[in-house]
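Have a look at the structure below before the remarks.
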Amino acid sequence: MKVSYKWLNEFLGGKALKVGKFAELLTMNSVEIESIEKAGGDFVLDAKTTPNLNHHLLCHRGIAREAGVLADIKVSQYSREFANLEARLPSERKLKVNIVDGKLCRRYTGRIVENVKVGPSPKWLAEKLEILGQRSINNIVDATNFLMLELGQPMHAFDADKLAKSGEVIISVQNAKKGDKIVTLDKKDIELDESVLLITDGKNPLAIAGVKGGTFAELDENTTNVVLESANFAPTLIRKTSQKFKIQTDASKRYENDLTPELCGEAMDILTKLIVEIAGTKDTKVGEVVDNYPRPAGKYKLGISAEEASDIIGVKISDKEIAKIFDRFGFEYKKVKPIDEVLKMAPTFVGIPYKYGASVSYDAPRTFDCSGFICYLFRETGVGIPRTSIDQYVFGKPISEKDLRLGDEVFSNTKEGKIHYETKEFLPGTKVPEGVDHCGLYLGDGKIIHATGLFGKVVIEDLNKSDRFKNIVGYRRMAENTERFVITVPDERLDLRIKEDLAEEIGRIYGYDKIKDVKISNNSGKTISDKAYFYKTEVRKVLVSLGFSEIINYTFREKGEVELANTMSPEKRFLRTNLSDGLKEALEFNARYSDFIDMSQIKIFEFGHIFTKKGEFDHFAIGAKNSSGVKKPKEIETLDIAIKSIEEKTGLVLNRGKEEVVIEVDFSDAIRDLPEAKEYDFTGIESKDMRFSKISQYPFMVRDVAVFTPEGTKPKEVFEIIEKWAGILMVKNKLFDVFTKKFPDGTSKISYAYRLVFQSYERTLTDDEVNKIMEKITSELNSQKGWQVR
């Protein structure tokens, strides 16, 4: 993204560092500045932002705020002052905004502005756009583009008179019908279908939502009344639509990276002020903002303690230092003891309605379900816990009834409705045989507070008398009462969702250069592995001990049942339906290079996912293949030994049919009835000092040499001569044949045969240069007394 240094400096009150230092500061901490170009009295910076920061950095204010934090400079809300709207006449025309699907169009704000004058932009505005490579069109269109570059919120303007000659103007956000068509602003005819979200006037397509405007309500020199749009759309939808029509615009790029809907209102206010300033007349009228916002999200709270931050970053950071960093970011924060805060808040929600599946982000605190209530309480105090009861049960620290403290969570199986026996998002698939479907917060003195459908609200009851807790299955401690910072995450900062995100922000402002290198300690302690991972590790141990190598093949194939919507290669547009095909190809390929890799038999295996119309499955495959001319051991014998070893040491049963050289099984199914993973003990295990060597990208060449030597000659004597004259181009060698022969004169001689592999790291070798090396080796071997190259 190209940004103006001068524009950024306006946010910084003219206090920005010189452009070179400014670019270096950003590059070393967050935004890579790939180039700086002088343009008139300004500099244009080509800024490469990272995906996690694109929510707020694809605009001048976002990058200015980033620079302000790094340089500790106060940043203005806007780059300039805007006109006051209070004295403007109100518009009498009515605007109605209809959203069919609130998950696709998350917010739509509209406003009618009447009696404006479309014409050239003022010099300052045209220059700001043109210096960044944007064409100045007219004052109103330029104003919408300015707002996008200023705040990151895409904007649009329609000719209101083309939507309705009089009376009510309707904007409807809805999916297209099959066969609908639109002519875009760049005069392309596009045929639409039901997957495309449109902005319409109830009948006519006005724009492909979030991607491209249409010509139907395009502004022209006769436009006097406009409808302004500031909207927010689902990022995945915009990405798919953009890819579908091969149209990527500045707007679609921002939407597909996800923007907060909260920007819509602010951007609408500033756009209106700017249009009144540069296109207004004495008769300009400004209508009320029509704001259709189906599901406003609550403010997101996130917390971290100094101890947690220090552990994550790797250097001790004090509360005072963290507070200073948060002040530089302009974060709203406070310090709390989470359990104390939870216990203080919880009773204030007594009587709040119960709603099964109520969203913590969108419904709370107006409605709760049991686990959502607990999740909300802890999130408000900066402690992140899973959303569902079954996940909370596995996440929390197990405690006994006698250790129950205020603020601990109590779980039950009501034996009614849907009982959960397996986690959903936290360690998904973890089995909970006792089953969980309800939870509450312990308040002390035998009291429990919980949201329950039985009463239809949040209630406080005696724990031992509550119908919902007749069958308690466990108690969990969700957090300790250690003081921590809780910040209210700024709306634009969609990248801040877990404490590790906060630690990253603290670390980069504190300074990565202050983090000292620390030697990693030896592995110690015990851990329980995931069941599938455990058995895969056990199988790996067995096969590696037998000389097998693990491979990882491409998931994409030429044929399959599941086709990719956006493939990188037409030859690899399907997901694989098995591992066997790839394994067989790998066996064939490696067998051709057996001399180079010095393997008479190729033995490989693979763990991987396969994809069919029925779903995604975790598979295991193993195979063996002899090199050319090798007859023993047979591939089938090798596989039989491997399978028998796996079955004996892991309990896994791998059924093999006929005489296959590749075996494939559904691994999840194979381990289904096996015991759960056992505990690993890493105490005393030392790390091995391993070194890796580069693999040459150039082809290798193979030559054989055999020589008769007097009886008593050692193979080492032969090899020393070969090594001396072969030089650095010989990368591998192998003594593959030795025999003794008695000659007619009664003497006996020993024959040694070596296979030599030549390869360069810098170029492709030629036959001529390898032949010359072999001639030198042959000549030197023949020069030895009693030696003769065969």
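The values are calculated or read from the model by the stated rules, or taken from the named source; none is laboratory data. Because the structure is predicted, anything quoted here is derived from the model rather than measured. When we count neighbours, we look across all protein chains shown, and the Cβ atoms used for this are built from the backbone with ideal geometry, even at glycine. Ligands, DNA and RNA are excluded from the accessible area calculation, which covers all protein heavy atoms including side chains. Shrake-Rupley method; radii C 1.70, N 1.55, O 1.52, S 1.80 Å.
Here is how the numbers come out for the structure above:
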| quantity | calculated |
| --- | --- |
| Per-peptide average of other Cβ atoms within 10 Å, ordering 550-561, 474-485 highest first | 474-485, 550-561 |
| Other-chain or far-sequence residues with amide H under 5 Å of R107's (modelled H) | N232 |
| Shape of segment 346-495, Cα gyration tensor, a/c cut at 1.5 | rounded |
| Amide H within-cut-off set for I99, under 5 Å, with H built and near neighbours excluded | V173 |
| Segment E550-L427, extension gain: residue separation times 0.36 nm, minus the distance between their alpha carbons | 41.7 nm |
| Accessible-area composition of segment 702-790, carbon plus sulfur, in percent [1.4 Å probe] | 49 |
| Pairwise label distance in nanometres, I515 with K402, each label 7 Å out on the Cα-Cβ vector | 4.4 |
| Accessible area of segment 243-396 belonging to carbon and sulfur atoms, whole % at 1.4 Å probe | 49 |
| Filter on K74/K103; K6/K324; K625/K732; K74/K273 - keep pairs with C-alpha separation over 31 Å | K74/K103 |
| For L219, distant residues with modelled amide H under 5 Å away | D159 |
| Those lysines that a straight Cα-Cα span of less than 16 Å connects to K431, excepting residues fewer than 8 apart in one chain | K418, K531, K678 |
| Protection proxy ranking of 732-741, 268-277, 302-311 - average other beta-carbon atoms within 10 Å, highest first | 268-277, 302-311, 732-741 |
| Å² of accessible area per residue within the chain, as computed with a 1.4 Å probe and no ligands counted | 52 |
| Net charge of neighbours whose Cβ lies under 10 Å from the Cβ of D491, counting Lys and Arg as +1 and Asp and Glu as -1 | -1 |
| Centroid-to-centroid separation of segment 41-82 and segment 99-120 [C-alpha atoms, Å] | 26 |
| Segment 314-325 - phi-based ³J(HN,Hα) in whole Hz, Karplus 6.51/-1.76/1.60, Gly and Pro as x | x, 8, 6, 10, 8, 4, 5, 5, 5, 4, 4, 5 |
| Rounded tilt (10° steps) of 715-726 against the dominant C-alpha axis of the chain | 50 |
| By accessible area with a 1.4 Å probe, ligands and nucleic acids excluded, highest first: order of D767, D517, D495 | D517, D767, D495 |
| Per-q log10 I(q)/I(0), segment 195-254, q = 0.14 Å⁻¹ (Debye; single scatterer per alpha-carbon; no solvent) | -0.42 |
| Inter-probe distance in nm under a simple model that places probes 7 Å from Cα toward Cβ, at K178 and K632 | 6.7 |
| Solvent accessible area, Å² - I322, 1.4 Å probe, full protein context | 0 |
| Subset of K714/K776; K128/K212; K649/K734 violating a 30 Å alpha-carbon distance limit | K649/K734 |
| Table column - 3J(HN,Hα) (Hz), segment 752-758, Karplus curve with 6.51, -1.76, 1.60, x for Gly and Pro | 10, 10, 10, 9, 10, 10, 10 |
| Potential extension, E483-K337 segment - 0.36 nm per residue separation minus Cα distance | 52.1 nm |
| For segment 21-84, with +1 on Lys and Arg beta carbons and -1 on Asp and Glu, the positive-most of T27, V69, F82 along the dipole | F82 |
| When each of K344/K415; K299/K334; K178/K244; K21/K48 is checked by Cα-Cα distance, pairs over 20 Å | K344/K415 |
| Principal-axis tilt of helix 235-245 within the chain, Cα atoms, nearest 10 degrees | 70 |
| Shape of segment 423-488, Cα gyration tensor, a/c cut at 1.5 | oblate |
| Prolate/oblate/rounded call for the chain, Cα gyration tensor, a/c under 1.5 rounded | prolate |
| Cα convex hull of segment 9-165, projected area averaged across orientations, nm² | 12.1 |
| Summed side-chain charge close to R672 - residues other than R672 whose Cβ falls under 11 Å, Lys, Arg +1, Asp, Glu -1 | -2 |
| Cut-off 14 Å (backbone N to label point 7 Å along Cα→Cβ of D530), residues of segment 358-385 | none |
| The chain: angle of helix 767-782 to the longest principal axis, Cα-based, in degrees nearest 10 | 30 |
| Dipole moment magnitude, nearest 20 debye, segment 143-201 about Cα centre, only Lys, Arg, Asp, Glu C-beta charged | 100 |
| Segment 557-678 - percent of accessible surface contributed by carbon and sulfur, probe 1.4 Å | 49 |
| Whole-Hz ³J(HN,Hα) from phi, Karplus 6.51 cos²θ - 1.76 cosθ + 1.60, for segment 331-342, glycine and proline x | 6, 7, 8, 8, 10, 9, 9, x, 5, 4, 5, 4 |
